[in-house]
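Nothing in this text is a laboratory measurement; each read-out follows from the coordinates by a stated rule. Here the structure is a predicted model, which means the values were calculated and not measured. Glycine gets a Cβ as well: all are built from the backbone with ideal geometry, and neighbour counts include every protein chain shown.
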Amino acid sequence: MQYPKKLTDALELIWGEGMLSPGGPEKVADMLEGMDISGRHVLDIGSGLGGID
C-alpha cells in the first residue's frame, strides 16, 4: 500500500522522519529489553516507512 504524500508528511512531523507511528530504534530496544538476543537477528515487521537505519 502506498500512502499519500500529504499523509506521510504529516505523520513524519508528528513521529519523526520515516515513521508512521510511535517507534524508532529506542522503541525497538525497549521492546527487546530483558531478552537475550545475542547472536540472533531481529526483524521489525511493522517498519512503516523504514525509518530505522
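Please list, ordered by first then second residue, the pairs with beta carbon atoms under 8 Å, 6 or more apart or interchain, first in the stretch 24-46 and without any contact (Cβ under 8 Å) to a residue 24 or more places away in the chain and among the aliphatic types (A, V, I, L, M), second surrounded by 10 or more Cβ atoms within 10 Å (Cβ to Cβ) and not in a loop (DSSP other than H, G, I, E, B).
Within 8 Å, the pairs are V42/V28; V42/L32.
Hey, among the residues in the stretch 10-22 that are at negative phi and part of a loop (DSSP other than H, G, I, E, B), which one's surrounded by the most Cβ atoms within 10 Å (Cβ to Cβ)?
Among them, the one singled out is M19.
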